[in-house]
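Novice: The structure that follows is given in the form of structure tokens.
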Amino acid sequence: MERPLTQYIHPGCPPFDLREYEMTGGYSALRKALGSMSPEEVQRLVQESGLKGRGGAGFNTGMKWSFVPMGENAPHPKYLVANADEMEPGTFKDRLLLEGNPHQLIEGMILAAYAIQADISYIFLRWAYKKAAQLLRKSIHEAYAAGLLGKNILGSGFSLEMHLHTGVGRYMCGEETALLNALEGKRATPRAKPPFPQISGLYGKPTIVNNVETLCNLPHIVNNGAAWFKSLGNGSADSGTKLYGVSGKVNNPGCWELPMGVTVRELIEEHAGGMKNGYQLKGFLPGGASTDFMTIEHLDVKMDFASVAAAGSRLGTGTMVVMDDATCPVGFVHNLQHFFAQESCGWCTPCREGLPWVEKMLLSLEHGTGTMEDVELLQMHTQWLGPGNTFCALAPGAMEPLQSALKYFKEDFERHVTMHRCPYHNGG
């Protein structure tokens, strides 16, 4: 099976420059699209392929594009933004693509911009990705010099400017409207929707924000077609391949491109090499820190959007965080809540005030001073900070590991109260 995203990425080897990328077929999809396809045809092809957003939401990419106003009377400039602000704990898939094959992202961005007739594009990059920033600057310069960016690309009449923007390090910038505020030089707080960015986004103009992995699929879909992309799935309702990651006490932590629908068992036992000696699997977050725990009973669940949702969690970014039986679930969740409390933008009261209280109650349990009432209050907070009660999805996402830990590991919370300490320490 051809693996479209990582087939030309070799660990330990430098990424392709423009000449090498073109020798492997790079920018052939762009030439095909600009030479023989209308923007609407590119949109339709991507929609038919079934490509879903790889940033976590899982919305059909071509359908998302279809909401952008098109035609002579459409407002301009239009914008395309690559969301490379990869700050979800446990997630490192986009970094692999950015450092391994930056021209693949650039080609995907030009194709997406052509499909929506965007005039200006931005790569919004996580501040810590220094190597990726260096490689992207070099690759963008090469693309401009070759006439692949700028005015009248390849003589097609289509023009696109591209800029690299390095963020200042806030998790909130991963939310697309907060990202747009940050690009405009404003505080990174989420915007009310509607209007949606496709209608009124960056500087009030039509804007599409896509994840890095999503955009990197586009050259291969244009070159090979919708049916080919669908055929890559592993009997899953979702199309294509996916970058899956596993971190934790496994023998071979890492990131792999696999067919959509690979099972949890295959990921952990075959690709991640199983648990390290002396450790047993207790639970795992299937798609980064803001997803619900799953347990051993879910080992045969397919890692696609619908299957993971049916099991009570979310696929999210597809990067799994494994918790072993020697790790305290309360301490594990406290660590996550500490992160989310720090990263709250402070815009709405439930998130601003609720997350620090959740963190304090968990810390009290860890120190052995918590009560059964605290455990019940934690359960109540998962509702108060849940969907529909906050301005964006940060606090509801933070509640997912907590609510599921209380569901699957509640006895561990209660033992902290009855033993007046963490049972996983001091010989517990």
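The values are calculated or read from the model by the stated rules, or taken from the named source; none is laboratory data. Since this is a predicted model, take the numbers as computed values, not measurements. Ideal geometry is used to build each Cβ from the backbone, glycine not excepted, and the neighbour counts take in all protein chains shown.
Novice: Please go through segment 354-369 and pick out each residue that is surrounded by 13 or more Cβ atoms within 10 Å (Cβ to Cβ) and either in the same structural domain as R191 (by TED's automatic domain parsing) or not small (G, A, S) (or both). Even if it seems obvious, please write down each step before you answer.
Specialist: Of all residues in segment 354-369, those surrounded by 13 or more Cβ atoms within 10 Å (Cβ to Cβ) come to 354-366, 368-369.
Residues satisfying the conditions are L355, P356, W357, V358, E359, K360, M361, L362, L363, L365, E366, T369.
Novice: Let me ask something else. From the residues in segment 397-428 that are of a type in the set (D, E) and under 33 Å from the mean Cα position of the chain (by Cα), which one is nearest to G386 (Cα to Cα)? Reasoning before the result, please.
Specialist: Pass one, segment 397-428, residues of a type in the set (D, E): 400, 411-412, 414.
Next, from what is left, pick out any that are under 33 Å from the mean Cα position of the chain (by Cα): 400, 411-412.
On the way: E400: 9, E411: 23, D412: 23 Å.
Ranking the candidates gives E400 first.
Novice: I need the strands (runs of 3 or more DSSP E) fully contained in segment 206-307, keeping only those with at least 1 residues that are over 30 Å from P75 (Cβ atoms) and outside the structural domain of E86 (by TED's automatic domain parsing).
Specialist: Hits in segment 206-307: 241-247, 254-259, 281-285.
Novice: Here's another thing I want to ask about it. In segment 370-392, what residues are outside any helix (DSSP H, G or I) and loosely packed, with under 15 Cβ neighbours inside 10 Å? Talk me through it step by step, then tell me what you get.
Specialist: Of the residues in segment 370-392, the ones outside any helix (DSSP H, G or I) are 370-371, 385-392.
If the condition is that a residue be outside any helix (DSSP H, G or I) and loosely packed, with under 15 Cβ neighbours inside 10 Å, then T371, P387, G388 are the ones that fit.
Novice: Continuing with the same structure: Does G26 qualify as being within 17 Å of the chain's Cα centre (by Cα) and surrounded by 17 or more Cβ atoms within 10 Å (Cβ to Cβ)?
Specialist: Details: within 17 Å of the chain's Cα centre (by Cα): no; surrounded by 17 or more Cβ atoms within 10 Å (Cβ to Cβ): yes.
No.
Novice: Condition first: free of Cβ contacts under 8 Å to residues at least 40 places away in the same chain and aliphatic (A, V, I, L, M). Now tell me which residues in segment 307-340 satisfy that.
Specialist: Of segment 307-340, the ones free of Cβ contacts under 8 Å to residues at least 40 places away in the same chain are 308-311, 334-335, 338.
Once the filter is applied, which keeps residues that are free of Cβ contacts under 8 Å to residues at least 40 places away in the same chain and aliphatic (A, V, I, L, M), segment 307-340 yields V308, A309, A310, A311.
Novice: Within segment 315-327, which residues are crowded, with 22+ Cβ neighbours inside 10 Å and of a type outside the set (V, I, T)? Break it down into steps so the answer makes sense when it comes.
Specialist: Residues of segment 315-327 crowded, with 22+ Cβ neighbours inside 10 Å: 315-323.
Scanning segment 315-327 gives L315, G316, G318, M320, M323.
Novice: Sort out which residues of segment 333-353 are surrounded by fewer than 22 Cβ atoms within 10 Å (Cβ to Cβ), assigned to a helix (DSSP H, G or I) and of a type in the set (F, W, Y), and write them in order of number.
Specialist: Answer for segment 333-353, where residues must be surrounded by fewer than 22 Cβ atoms within 10 Å (Cβ to Cβ), assigned to a helix (DSSP H, G or I) and of a type in the set (F, W, Y): just F339.
Novice: Search segment 259-284 for residues being in contact with a Phe, Trp or Tyr (Cβ under 8 Å, 6 or more places away or on another chain) and without any contact (Cβ under 8 Å) to a residue 40 or more places away in the chain, and hand back the single one that is farthest from D325 (Cα to Cα).
Specialist: Out of the qualifying residues, it is H271.
Novice: Is one or more of the residues making up segment 342-360 touching a residue at least 12 places away in the same chain (Cβ under 8 Å) and touching an Asp or Glu at 6+ places or on another chain (Cβ under 8 Å)?
Specialist: Scanning segment 342-360, I find no residue that is touching a residue at least 12 places away in the same chain (Cβ under 8 Å) and touching an Asp or Glu at 6+ places or on another chain (Cβ under 8 Å), so the answer is no.
Novice: Would you mention how many residues in segment 3-60 are among the hydrophobic types (A, V, I, L, M, F, W, C) and either at pLDDT 95 or above or not in a loop (DSSP other than H, G, I, E, B) (or both)?
Specialist: Taking segment 3-60 as the starting set, the residues that turn out to be among the hydrophobic types (A, V, I, L, M, F, W, C) are 5, 9, 13, 16, 18, 23, 29-30, 33-34, 37, 42, 45-46, 51, 57, 59.
Add one more test, that the residue is either at pLDDT 95 or above or not in a loop (DSSP other than H, G, I, E, B) (or both), and what stays is 18, 23, 29-30, 33-34, 37, 42, 45-46, 51.
Adding up the residues that qualify gives 11.
Novice: Still on this structure, I have one more. Applying the selection to segment 174-191, what residues are outside any helix (DSSP H, G or I) and either of a type in the set (A, V, I, L, M) or touching a Phe, Trp or Tyr at 6+ places or on another chain (Cβ under 8 Å) (or both)?
Specialist: Listed by number, the residues that qualify are E184, A188, T189, P190.
Novice: With the structure loaded, tell me whether G150 is more than 20 Å from N83 (Cα to Cα), in the same structural domain as N101 (by TED's automatic domain parsing), exposed (fewer than 13 other Cβ atoms within 10 Å of the Cβ) and in contact with a helix residue (DSSP H, G or I) (Cβ under 9 Å, 6 or more places away or on another chain) or whether it fails that test.
Specialist: No.
Novice: Would you check if there is a residue in segment 186-197 being within 29 Å of A145 (Cα to Cα) and at pLDDT 95 or above? Can you show your working first?
Specialist: Step one: filter segment 186-197 for residues within 29 Å of A145 (Cα to Cα), giving none.
Within segment 186-197 (the criterion being within 29 Å of A145 (Cα to Cα) and at pLDDT 95 or above), the answer is no, since none of the residues qualifies.
Results for (1) touching a helix residue (DSSP H, G or I) at 6+ places or on another chain (Cβ under 7 Å); (2) surrounded by fewer than 22 Cβ atoms within 10 Å (Cβ to Cβ), shown as yes or no for each residue.
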position	(1), (2)
V212	yes, no
L215	yes, no
P219	yes, no
E270	no, yes
M275	no, yes
T295	yes, yes
K302	no, no
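Novice: Still on this structure: Any idea how many residues of segment 393-428 are more than 23 Å from G174 (Cβ to Cβ) and part of a loop (DSSP other than H, G, I, E, B)?
Specialist: 11
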